[in-house]
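One structure is given here, and the rest of the page talks about it.
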Amino acid sequence: MKTKITLLLMLFIGFNNALAQDTNEEDLATLSIFDQYAKSKNYEAAYSPWMELRQRNPKFSRAIYTHGEKILNYKIKNSSGSEKVTFINDLIKLGEERGKYFASKTPKGQ
């Protein structure tokens, strides 16, 4: 009986590790894609993978927030009307999320 429980426990732990690795690799690939677009200042192409990673795993990297600010500023500059307001509100939300997930690396305003 102990052997069965031990085997079941080991199987469960192994499955969780494999699942976590797949997610981490997917997040890393998405980060790499939007990071390269953002570094080359192709913010339009960077927006979709950036938003995907931000929604899926907001704690994954601080680059989500540093590049995200640049991406959203570009979107704000190149949009108008209600779309512009949406991007402005998203930029505010991005700052709040950065403070939540990376509090020690986020400067507080005065």
Exercise. Out of the residues in segment 85-110 that are charged (D, E, K, R) and either within 16 Å of Ala38 (Cβ to Cβ) or at pLDDT 95 or above (or both), state the one that is surrounded by the fewest Cβ atoms within 10 Å (Cβ to Cβ).
Key: Lys93
Practice problem: Please enumerate the residues belonging to segment 46-90 that are among the hydrophobic types (A, V, I, L, M, F, W, C) and either touching a Pro at 6+ places or on another chain (Cβ under 9 Å) or in contact (Cβ under 8 Å) with a residue 24 or more places away in the chain (or both). | Solution: Ala46, Leu53, Phe60, Ala63, Ile64, Ile71
Self-check item: Residue count for segment 55-83, restricted to those that are more than 25 Å from Asn24 (Cβ to Cβ) and either more than 18 Å from the chain's Cα centre (by Cα) or crowded, with 16+ Cβ neighbours inside 10 Å (or both)
Solution: 11
Quiz item: Condition test on Thr86, is it of a type in the set (Val, Ile, Thr) and under 11 Å from the mean Cα position of the chain (by Cα)?
Solution: no
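The values are calculated or read from the model by the stated rules, or taken from the named source; none is laboratory data. The structure presented is a predicted model; accordingly, all values stated were derived computationally and were not measured. Methodologically, a virtual Cβ is constructed for each residue, glycine included, from the backbone with ideal geometry; neighbour enumeration extends over all protein chains shown.
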